[in-house]
1. Residue check, B:GLU5 against (1) more than 10 Å from the ligand (Cβ to nearest atom); (2) open to solvent by 50 Å² or more (accessible area, probe 1.4 Å); (3) touching a helix residue (DSSP H, G or I) at 6+ places or on another chain (Cβ under 9 Å), all met but one. Which one?
2. Restricting to region B:386-410, what's the tally of residues that are open to solvent by 30 Å² or more (accessible area, probe 1.4 Å) and under 30 Å from B:ALA68 (Cβ atoms)?
3. If I filter region A:67-78 for residues that are modelled with pLDDT of 95 or more, within 14 Å of chain B (Cβ to nearest Cβ) and touching a Phe, Trp or Tyr at 6+ places or on another chain (Cβ under 7 Å), do I get at least one hit?
4. Would you say B:THR338 is at pLDDT 95 or above, open to solvent by less than 30 Å² (accessible area, probe 1.4 Å), part of a strand (DSSP E or B) and not hydrophobic (A, V, I, L, M, F, W, C)?
5. Could you grab me the full set of residues in region B:432-447 that are within 12 Å of chain A (Cβ to nearest Cβ) and either open to solvent by 30 Å² or more (accessible area, probe 1.4 Å) or on the phi > 0 side of the Ramachandran plot (or both)?
6. Please report, ordered by residue number, the strands (runs of 3 or more DSSP E) entirely within region B:139-213 with at least 1 residues that are without any contact (Cβ under 8 Å) to a residue 60 or more places away in the chain and either in contact with a helix residue (DSSP H, G or I) (Cβ under 9 Å, 6 or more places away or on another chain) or open to solvent by less than 20 Å² (accessible area, probe 1.4 Å) (or both).
7. Of B:SER350, B:SER327, which residue is surrounded by fewer than 24 Cβ atoms within 10 Å (Cβ to Cβ), more than 8 Å from chain A (Cβ to nearest Cβ), touching an Asp or Glu at 6+ places or on another chain (Cβ under 9 Å) and hydroxyl-bearing (Ser, Thr, Tyr)?
8. Under the condition of being in contact with a Gly (Cβ under 8 Å, 6 or more places away or on another chain) and of a type in the set (D, E, K, R), which residue from region B:87-140 is nearest to the ligand (Cβ to nearest atom)?
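The values are calculated or read from the model by the stated rules, or taken from the named source; none is laboratory data. Predicted, not measured: the structure shown is a model, and the values here were computed from it. Every residue, glycine as well, gets a Cβ built from its backbone with ideal geometry; the counts of neighbours run over all protein chains shown. For accessibility, only protein heavy atoms count, side chains too; no ligands or nucleic acids. Shrake-Rupley method; radii C 1.70, N 1.55, O 1.52, S 1.80 Å.
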Amino acid sequence: METRASLVDTLAQTSLFADLSRPELEAVAHEFDEEAFAEGQRVLRQGLSGSSLYVILDGAAVVRRDDEEIARLGRGDFFGEISILTEGPPTSDIVAEGVLHCLVIPRPDVERFLLERPRVMLRMLRAEANRLRGMLEWQS
Amino acid sequence: MAVVELPFPPGAYGVVVVGSGPAGLQAAYELRRRGVDHAVLSADEAPGGMFRTLPIFERLISWTKPEAPYAHGSREYELYDHNSLVADEERCQACMASLMDRTYDVPSRAEMEAGLARFAELAGLRVRYGCRWEATRNDGEGFVLETSDGEYRCRAVVFAVGVTTPWTAPIPGLEHAAHYVDVRRADEYDGRSVFIVGKRNSAFEVANSLLPWARRIVLASPRAIRTDVLGHSPLRTRYLQPLDEHVRGGFGTSIVDASVERIERNADGFRVHTRGTSWDGPLVFDCDDVIAATGFRAPLQDLTRLGVTTVADERIPAQTAFWESVSVPGIYFAGNATLGSPGLRKQGLSSNSGSVNGFRYNARVLVRHLAEKHFDVAPPRPLVEPDQLVSFLLRELATAPELWIQKGYLCRIVNLAADGLRDDGILPLQIFVDEPGPDACAIAVEMAADGTIYPAVYLRARNRVAEHPLSPHPLHDYETEEHRRALSELVDPLLGST
Ligand SMILES: Cc1cc2nc3c(=O)[nH]c(=O)nc-3n(C[C@H](O)[C@H](O)[C@H](O)COP(=O)(O)OP(=O)(O)OC[C@H]3O[C@@H](n4cnc5c(N)ncnc54)[C@H](O)[C@@H]3O)c2cc1C
């Protein structure tokens, strides 16, 4: 097995965190957990309250709504933010495809996490805007 | 000298457990109780694991209260005694209660070690001591463990090896520092200026113990201390004096949010270069000693080479809800390492799987699962009379130690079987919400983001799970008329089908 890059190095290569300095990245790695999921394991559960914000560090996941696959996610993508920002349960399942590594930012910490790191928030907003544009173009 | 015959000679077994700390002992007890063929190996010479030498300054952070409203040995008493292993027979229960000298309501290291040894003795647990697991192979049907005594073959293996191997952050020069585990006596720091890398339990334990001796103490790590979170952590029980001194002006004690960039050794001691995380700029410290309280990792030997996935820079093996490696089926974990199976984390709630109070139940549930999955030993699933269901569930919600200590992590399940309602016992909540099964209900105790504790009910119907929080109660009394009514309505569909 290849040895994995250190957690801080992995965070440094994640676009969401591209503007953070090394000490800031270390603080993120210290404060939040990395979690790894088995093939087929659910990470978010449609309709179940209290989920977290996840950033994919390695591996892939599928987005499933009512048992139907609607999207795929890969390294650098994040999920869980919609449910946290709208204060409702997740609208889809997220299921690991192969072993999936994520950084986990627990729901109660997300607001503070973003307010303390406006550049991360801006990058997140950009990603959301791109998703929205993709959806609008697809619908038209 | 008498010749002592060692148990469990090398050979083939159903399950091999490695470790004789609290988790290894709990797993060994459960395997014997369920009649699963097994062997228990340990590199130590006696039971107790980590508690034979740690914590360095001799005081635990988990409570055992000799006096409680419930009798020693009752299930309810386990809520008042977070350090005893759990057992069916009365003589093995609540081992810690009578060992406490009552200086504090948390045991000393020596009391804890004695309590674990007493459990092992009273339960008659056998362990092959002085036997070191060195390497691991997968032989297609199971695993081969190479040990200092020879080879052990098994279908499944439970690693209860703890999380006590020193881990140091990749900071240039930190290799010159002593690690937490190398610290010996506080008086050796008489009049010295000490820089501690880290701000978690072990950093505070050392800082607190050096307060009467050291001239100056600095604790530094990148992440800021959050006093709102501290109130809910085990740290609150002890070791907060250094924080108190810092907050009052830091005369002699400073707590700094900084990443440590490098450490230089010089004729006078050390020079530590840091850079702020919650503030901007560099800060340089000259000191006599540097102590790395940077944490620990699990001693996984060659398991990563075998394909076992880890998290947190190879410190902890990543596990499924039944504490099986996410990448190598058949490899299971017990004890402190079960932090690698964090569960649903609802509202960010974490488990107590890193301490005895929580992982003693994980080990029990793990063995029940192993026995059924690999050895066809089904647990008893007693019938529940329909008119008793609501009372039974409310009583569990109010007093079950598994649900209270492993909040949002373990749950109690009652299934609708062909012949009526069957109590499926304690299982991971994650299993209930993710795995298919018969129509059923599960109950758990959960905590909202603002710290409010409330009972939760999960209903599974045709493999769809819905959750229903019930009202909190200021004294956590869930056996009220209101709760009875709410729960009765929820479980009515289950009762209707019996
Ligand atoms: C400083 C510190 C303080 C703590 N304080 C508390 C506390 O107050 N309360 C609490 O509940 N928890 C506390 N903990 C958590 C603690 O780790 C556990 O509660 C507990 O001791 C872990 O039990 P365990 O059985 O998982 O592992 P351990 O107690 O660490 O036992 C591991 C066992 O595995 C064996 N082993 C390891 N490698 C091998 C090998 N290669 N071959 C054979 N045998 C091997 C060891 O010899 C040992 O017997 C503390 C942890 C630390 C680090």
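1. Status for B:GLU5: all satisfied but (3).
2. 6
3. no
4. No, not satisfied.
5. Scanning region B:432-447 gives B:ASP434, B:GLU435, B:MET447.
6. Filter on region B:139-213 gives B:143-147.
7. On the way: B:SER327 fails: more than 8 Å from chain A (Cβ to nearest Cβ).
Residue meeting the stated conditions: B:SER350.
8. Step by step, filter region B:87-140, then rank; the result is B:GLU113.
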